[in-house]
Amino acid sequence: MIVTRFAPSPTGHLHLGHAYSALFAEQAARTEGGRFLLRIEDIDPVRCKPAFTSDLMEDLRWLGLRWEEPVRRQSQHLTDYQDALARLRSMGLLYPCFCTRREVTAEAAASGQAPHAGPDGPIYPGTCRHLSSEDQEHLRNERAAPNWRLDMAKATALAGPLVWHDLERGEVVATPQDFGDVVLARRDVPTSYHLSVTVDDHLQGVTLVTRGEDLFRATDLHRLLQALLGYAVPDYHHHKLLVDASGHRYAKRDHAVTLRHLRSEGMTAEEVRRTIGL
Ligand code: GLU
């Protein structure tokens, strides 16, 4: 049976782009007689606010969406991500990185890298990859807690060639190495988007991941984590991103296109659906 999910981060109010994404996921499940889940991706306690979670649920209900209970809130499942990290660590695939974001950016630039060399920004130059345990000990005392990075060369060598399937684009050859040594657990948050989304899609039995095409490249990395952790591989369907009249993607800061605002202006859920074509 098909299982889809909508997985917003409660960092602001939902806009028309979210409405499209949520309805897209729900319709993909409903037309096949499947299940539709809602997941709250709230691992970042600074950016995510509980009020946005209750507001977004209300917005989605207003839009006519219904989902299975209980809703999974990532902040309540941090031990699941810890378990996955422990497995990767025991495979020798993680290392602590003490570099600050500024240091990474500066080093990447000094080595001639373009600012957006990797899908998530600069590719880590590898400064902390081969630190001795004495150096690690020293840095633990000197510096803030480390980020935990994936040793990409080791990970891809272990996993071998990988593909995944996109309902629109067909078979995709994964090139997770383009990300370099990604951070899987942040110093301020004991996990990361990439890790928790992969663990959750697995634990929740999601069979079809639908999301915007801005996350198309991220799937290469999720596919690698699935291979390393022995997870089943869902299908994917990356959908178009809605744009405003001037061709810009909707953003959470655009108050005018939030579902709340449109509703307060008298727009009906039916009209929202018609506007976004779902
Ligand atoms: N939480 C992510 C976001 O709001 C979506 C993640 C996903 O669908 O994989 O952009």
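The values are calculated or read from the model by the stated rules, or taken from the named source; none is laboratory data. Being a predicted model, the structure only gives us computed values, none of them experimental. Neighbour counts are summed over all protein chains in view; Cβ atoms, including those assigned to glycine, are modelled from backbone coordinates with ideal geometry. For the accessible areas, the whole protein counts, side chains as well, though only heavy atoms, and no ligand, DNA or RNA atoms are used. Shrake-Rupley method; radii C 1.70, N 1.55, O 1.52, S 1.80 Å.
What to note about this one:
- Antiparallel DSSP beta bridges within the chain, percent to nearest 5: 50
- Residue of ASP83, ASP42, ASP220 that the Gaussian network model of the chain assigns the largest fluctuation, springs spanning Cα pairs under 10 Å: ASP83
- Shown for the chain: the carbon plus sulfur share of the solvent-accessible area, taken with all protein chains present and a 1.4 angstrom probe, equals 52%.
- When the P(r) is computed for region 91-186, the part past 20 Å accounts for 45% of the Cα-Cα pairs.
- With a simple spin-label model that places each label point 7 Å from the Cα along the Cα-to-Cβ direction, the separation between VAL173 and HIS248 comes to 3.8 nm.
- Multiplying each eigenvalue of the alpha-carbon gyration tensor of region 1-159 by 5 and taking the square root yields semi-axes of 38, 18, 17 Å, largest first, rounded to whole angstroms.
- Per-residue ellipticity at 222 nm computed for the chain from its helices equals -11500 deg cm²/dmol, with DSSP H segments shorter than 4 residues left out and the rest contributing -39,500 (n - 2.57).
- The label point for MET1 and the one for ASP135, both projected 7 Å from the Cα toward the Cβ, are 5.3 nm apart.
- Rel. contact order, % - alpha carbon contacts under 8 angstrom, at least six apart, region 187-278: 24
- Dipole of region 46-99 computed with +1 at Lys/Arg Cβ and -1 at Asp/Glu Cβ about the Cα centre; of VAL71, SER90, THR53, farthest Cα towards the positive end is SER90.
- Ignoring lysines fewer than eight residues from LYS252 along the same chain, the ones with Cα atoms less than 16 angstrom from its Cα are LYS49.
- When both bridge partners sit in region 151-278, DSSP labels roughly 45% of those beta bridges antiparallel.
- Spherically averaged projected area of the chain from its Cα convex hull (nm²): 15.9
- Per residue, the accessible area of region 157-233 comes to 38 Å², computed with a 1.4 Å probe over protein heavy atoms only.
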